[in-house]
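The values are calculated or read from the model by the stated rules, or taken from the named source; none is laboratory data. Being a predicted model, the structure only gives us computed values, none of them experimental. Here Cβ is always computed from backbone atoms with ideal geometry, including for glycine, and neighbour counts include all displayed protein chains.
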Amino acid sequence: MESWKDWAKSIALEPLAIERTVYCEACGYAGTLDLYARVEGALTSLDWKSGRAIYPEAFLQNVAYRHAAARQGLPSSPGPSSECPSSSMIRPGR
């Protein structure tokens with residue numbers, strides 16, 4: 001837990017919404033965004049991945065979450081993926 005806290009502090013993590021359902025009525029899908037936060041000052045959509053690997057479709061899932069979140073007033077911009085201690089994280093919206 002301490003390594004995660006250190007990581008969160010190192011990126012200035014500021015949670016704004018947790019486990020937020022997002023949807024795009026026009027595209028016909030919905031999902032649950034794990035975390036919407038400021039990361040180093042930038043609005044970011046985050047999705048935790050706890051498996052051994054991050055599969056290619058995880059990127060598509062996160063792009064869809066970012067699109068749906070933006071339609072609900074939670075904008076973020078594309079950004080690199082990142083990893084945090086003890087679990088993997090895709091960070092497409094930075």
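For the reader, a short list of remarks on this structure follows.
- Considering residues of the stretch 1-39 that are charged (D, E, K, R) and under 14 Å from the mean Cα position of the chain (by Cα) only, the residue farthest from A68 (Cα to Cα): E14
- Any hit, the stretch 70-77, residues being part of a helix (DSSP H, G or I), touching a strand residue (DSSP E or B) at 6+ places or on another chain (Cβ under 9 Å) and without any contact (Cβ under 8 Å) to a residue 40 or more places away in the chain: yes
- Among the residues of the stretch 26-54, just one is closer than 16 Å to A8 by Cβ, surrounded by fewer than 17 Cβ atoms within 10 Å (Cβ to Cβ) and modelled with pLDDT under 90, namely W48.
- Of all residues making up the stretch 64-85, the number that are of a type outside the set (G, A, S) and either buried (at least 17 other Cβ atoms within 10 Å of the Cβ) or modelled with pLDDT of 90 or more (or both): 8
- So V22, is it touching a strand residue (DSSP E or B) at 6+ places or on another chain (Cβ under 6 Å), at pLDDT 90 or above and not small (G, A, S): yes
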